[in-house]
């Protein structure tokens, strides 16, 4: 392979992200085929189904079994209508019956937290450092301590893996969430459904993503850099933790 830079070609080796598939079988019925990065298959399957409303609590999962590229799960709850086998490598949202999300609780947060958790995500994303072609997401407690980091070719998959890890470990919300990709309506829903009160994105958010975050009272910070960020929704959690001297008045012409 070659890289073109400063008017010349330089021979380089590039590592491509790995990709595989996982078929979810729920109560004996094949429901979906997910394209994903290898690893954390149980977390991915559990997280996807939980955030998609297939079950409400981990106790409703009677048993699960993984065989190569198949994850079989039996749940004592609703399982949705069932769908043909489809791929979701681009994060295509397939929600059987959306989890109902209540308004998120108020938690006063340090205004430096969005920057701090994005730094931790960037520093811990080892697969991105190798390939430059993969998404990352990390979940934190409200003090900014990282609980877990997942990477995947699908930005939704990375968040689903975190949700599965939360279920398996029994961690209790509220959480903070750092993501590498844009925040769509479904991403905002997933974040709120897993109990995140703040999402810090390296990139932006869609109009519907912002609208959903506002509906859930989710604090959404976008374009997070070490120099600052934008607050799109529910700024109170960050503003209440800021000292008076951090506010700058901007004059408005009459």
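The values are calculated or read from the model by the stated rules, or taken from the named source; none is laboratory data. Every value quoted in this text rests on a predicted model; they were computed, and no experiment measured them. Note: ideal-geometry Cβ built from the backbone for every residue, glycine included; neighbour counts use all protein chains shown.
When you scan segment 100-113, do you find a residue that is more than 25 Å from residue 49 (Cα to Cα), in a helix (DSSP H, G or I) and within 16 Å of the chain's Cα centre (by Cα), even just one?
no
One residue is enough: does segment 6-13 have a residue meeting the conditions touching a residue at least 60 places away in the same chain (Cβ under 8 Å) and either out of contact with any helix residue (DSSP H, G or I) (no Cβ under 9 Å at 6 or more places or on another chain) or crowded, with 21+ Cβ neighbours inside 10 Å (or both)?
no
For segment 95-120, which positions are modelled with pLDDT of 50 or more, in contact with a helix residue (DSSP H, G or I) (Cβ under 9 Å, 6 or more places away or on another chain), surrounded by 15 or more Cβ atoms within 10 Å (Cβ to Cβ) and under 21 Å from residue 182 (Cβ atoms)?
If the condition is that a residue be modelled with pLDDT of 50 or more, in contact with a helix residue (DSSP H, G or I) (Cβ under 9 Å, 6 or more places away or on another chain), surrounded by 15 or more Cβ atoms within 10 Å (Cβ to Cβ) and under 21 Å from residue 182 (Cβ atoms), then 101, 104, 113, 114 are the ones that fit.
Quick check on my filter: what residues within segment 187-233 are closer than 17 Å to residue 110 by Cβ, assigned to a loop (DSSP other than H, G, I, E, B) and in contact (Cβ under 8 Å) with a residue 60 or more places away in the chain?
226
Report whether or not residue 130 is exposed (fewer than 15 other Cβ atoms within 10 Å of the Cβ), within 23 Å of residue 41 (Cβ to Cβ) and either touching a residue at least 60 places away in the same chain (Cβ under 8 Å) or under 14 Å from the mean Cα position of the chain (by Cα) (or both).
Answer is yes for this residue.
Given (1) modelled with pLDDT of 95 or more; (2) under 24 Å from residue 109 (Cα atoms); (3) surrounded by 17 or more Cβ atoms within 10 Å (Cβ to Cβ), identify the lone condition not met by residue 143.
(3)
Within segment 194-204, restricting attention to residues that are surrounded by 21 or more Cβ atoms within 10 Å (Cβ to Cβ) and in contact with a helix residue (DSSP H, G or I) (Cβ under 7 Å, 6 or more places away or on another chain), which residue is modelled with the lowest pLDDT?
Applying the filter and picking the extreme gives 194.
Can you tell me which residue among 127, 120 is under 25 Å from residue 237 (Cα atoms) and in a helix (DSSP H, G or I)?
Among 127, 120, only 120 is under 25 Å from residue 237 (Cα atoms) and in a helix (DSSP H, G or I).
Can you find a residue in segment 36-48 that is at pLDDT 90 or above, farther than 18 Å from residue 168 by Cα and either in a strand (DSSP E or B) or in contact with a helix residue (DSSP H, G or I) (Cβ under 6 Å, 6 or more places away or on another chain) (or both)?
yes
Scan segment 156-174 for residues that are buried (at least 24 other Cβ atoms within 10 Å of the Cβ) and either touching a strand residue (DSSP E or B) at 6+ places or on another chain (Cβ under 6 Å) or outside any helix (DSSP H, G or I) (or both) and report the count.
Matching residues across segment 156-174 total 5.
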